[in-house]
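**Q** This structure is in structure tokens; I'll ask about it shortly.
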Amino acid sequence: MKFVRRRALASIVTSAILLSSIAILGAGLVGWSNSNLLSHQKNLENTFSKNINKLNEHIIFEKIWFGTNPSKYVNVTMTNTGNVGLNVTNIQFINSTTFEKISSVLIDDGGMSPSESYSINMTYAWIDDVEFDILIKSARDNQFRTQVSP
């Protein structure tokens, strides 16, 4: 008796299985990397636009005056001189020497378009010739500071 081995058919089937599995894995890998790349691209675009807008924010302090009727107060008027609209979210009075927060006000309606002004009256028992800092924070975490003395 003679045994005849037919290896040619087995190698063809094996090659076909390997090629199809490589093609399926390759297509899956290309699809996954494409979706991953698009996700990272969107994140990068959002970060870029947020930081560019943050750089284009700028506030100048137009007028700061102190009043006493009916109680002591400080009026702060500021103008958006940047290229983008911004939203003032917080104004703080800070001791100029110890950097301790003296007073703080959260603002809900502090939106300003470019070249627009915003004014707020804040109750504060100021003392003559005692300087303090005014710190303004925007929604994009920008900070603008000035020092005043009644």
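**Q** Can you tell me how much longer the chain between SER35 and SER113 gets when fully stretched, taken as 0.36 nm per residue apart minus their C-alpha distance, in nm with one decimal?
**A** 24.4 nm
**Q** Along the Cα→Cβ direction, 7 angstrom out, place labels at ALA10 and ASN95. What is the inter-label distance in nm?
**A** 8.8
**Q** Near THR79, within a Cβ-to-Cβ distance under 11 Å, what is the net charge of the other residues, with Lys and Arg +1 and Asp and Glu -1?
**A** Charge balance near THR79 sits at -1.
**Q** Which one, [x] 62; [y] 50; [z] 42, gives percent of Cα pairs over 28 Å apart as derived from the coordinates shown?
**A** [y]
**Q** Pulled fully out, how much extra length does the chain show between VAL105 and SER71, if you take 0.36 nm times their separation in residues and subtract their Cα-Cα distance?
**A** Full-extension gain reported as 10.5 nm.
**Q** Assuming R0 = 35 Å, what is the FRET efficiency of LYS63 and ASN43, from their Cβ-Cβ distance, to the nearest 0.05?
**A** Efficiency computed from Cβ-Cβ geometry: 0.25.
**Q** Please list SER115, SER149, SER96 in order of solvent-accessible area, largest first, computed with a 1.4 Å probe with all protein chains present.
**A** If we order SER115, SER149, SER96 from most to least accessible, we get SER115, SER149, SER96.
**Q** Next question, about the same structure. Longer than 20 Å from Cα to Cα, which of LYS63/LYS137; LYS72/LYS137; LYS63/LYS101 are they? Say none if no pair is.
**A** LYS72/LYS137; LYS63/LYS101
**Q** So what is the calculated 222 nm ellipticity per residue for the chain, using -39500 (n - 2.57) for each DSSP H run with n of 4 or more, over all residues, to the nearest 500 deg cm²/dmol?
**A** Value at 222 nm, helices only, nearest 500: -12000 deg cm²/dmol.
**Q** Roughly how many Å is it from the Cα centre of region 85-150 to that of region 15-61, as a whole number?
**A** The distance from the Cα centre of region 85-150 to that of region 15-61 comes to 40 Å.
**Q** Summarise the accessible area of the chain (1.4 Å probe, protein heavy atoms) by the percent that is carbon and sulfur.
**A** Exposed carbon and sulfur together represent 57 percent of the surface.
The values are calculated or read from the model by the stated rules, or taken from the named source; none is laboratory data. Note that this is a predicted model, so its numbers are computed, not measured. Please note: Cβ atoms are built from the backbone with ideal geometry, for glycine as well, and neighbour counts cover all protein chains shown. Heavy atoms of the whole protein, side chains included, go into the accessibility calculation; ligands, DNA and RNA do not. Shrake-Rupley method; radii C 1.70, N 1.55, O 1.52, S 1.80 Å.
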